[in-house]
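Heads up: the structure comes next, in structure tokens.
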Amino acid sequence: MTNEVMTIREMCDAFDVTPRTLRFYEAKELLFPIREGQRRLFTKRDRARLTLILRGKKFGFALEEIRQLLDLYKEEDRGEKQLRETLAAYHVKRAEMEAQKQALIAVMTDLEDEIGFVEGQIEGLKREG
């Protein structure tokens, strides 16, 4: 997988995605395979972009956010602006996730308290009955 192109099947196998997923990303102008009739040939650039798309989705980024970060890549600065903006977006996402985590921990603590209360109620009914 150096500079050669890959078919849609090879891409699906390599990235564990469906052909429909690749066509969707192409339709959304996130991937730009070479078209030879009905065939799609994916370049090294497409593979790099797909890696970033899948990573962004895993971290909870919207496709539009991913597109904006992908579009920042410029060969002139060897991708430095893209990397800096991606890092900033990662920090924001991590802070959002940390807030969600803390909220979830609080809800889980309340649920544990409620479970204890209900279990106590059931035990009380058993003793009375």
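For the residues I34, I66, I53, a GNM of the chain with alpha-carbon springs under 10 Å puts the largest fluctuation on I34. Using only side-chain charges placed at the Cβ, +1 for Lys and Arg and -1 for Asp and Glu, the dipole size of the chain relative to its Cα centre rounds to 860 debye.
Taking a straight Cα-Cα cut-off under 22 Å and skipping sequence neighbours fewer than 8 places away in the same chain, the lysines within cross-link reach of K101 are K57, K58, K93.
Residues whose amide H lies under 5 Å from that of L72, counting only those 5 or more places away or on a different chain, are absent; hydrogens are built 1.01 Å from N in the peptide plane. The sum of -39500 (n - 2.57) across all DSSP H runs of n ≥ 4, divided by the residue count of the chain, sets its helix-only mean residue ellipticity at 222 nm to -23500 deg cm²/dmol. Site pair H91 and D110 shows an inter-label distance of 3.2 nm when each label is modelled 7 Å from Cα along Cα→Cβ.
With Rh defined as the Kirkwood radius, the inverse of the mean 1/r over Cα pairs, the Rg/Rh of the chain is 1.29.
Given the options L72, L104, L31, state which has the largest fluctuation in a GNM of the chain using a 10 Å cut-off (strictly under) for Cα springs. Of the options given, L104 has the highest mean-square fluctuation. Surface composition of region 8-74: carbon plus sulfur atoms contribute 51% of the solvent-accessible area (1.4 Å probe, protein chains only, all chains present). Between beta-carbons, use under 11 Å as the cut-off and find the net charge around L63, counting Lys and Arg +1, Asp and Glu -1. Net local charge, L63 excluded: 0.
Comparing T51, T86, T109 in a Gaussian network model of the chain where C-alpha atoms under 10 Å apart are linked, the largest mean-square fluctuation is found at T109. In order along region 35-41, the phi-based Karplus estimate (6.51 cos²θ - 1.76 cosθ + 1.60, θ = phi - 60°) of 3J(HN,Hα) comes to 9, 10, x, 8, 6, 10, 10 Hz; Gly and Pro are listed as x.
Probing with 1.4 Å while keeping every protein chain in the model, the per residue accessible area of region 53-129 equals 82 Å². Partner aspartates and glutamates whose Cα lies under 12 Å from the Cα of K28, excluding those fewer than 8 positions away in the same chain, are identified as E64.
With a sphere of radius 15 Å drawn around the Cβ of T21, what net charge do the other residues whose Cβ falls strictly inside it have (Lys, Arg +1; Asp, Glu -1)? Around T21, the charge tally is +4.
Straight-line reach from K74: which aspartates and glutamates have a Cα under 16 Å away, not including same-chain ones fewer than 8 places off? Cross-link targets: D46, E85.
What the Cβ-Cβ distance of K28 and E80 gives, at R0 = 41 Å and to the nearest 0.05, is a FRET efficiency of 0.95.
The values are calculated or read from the model by the stated rules, or taken from the named source; none is laboratory data. Keep in mind the model is a prediction, meaning the values are calculated, not measured. Quick reminder, even Gly has a Cβ in these numbers, built from the backbone with ideal geometry, and neighbours come from all protein chains shown. Heads up: the accessible areas ignore ligands, DNA and RNA and are worked out on the full protein's heavy atoms, side chains in. Shrake-Rupley method; radii C 1.70, N 1.55, O 1.52, S 1.80 Å.
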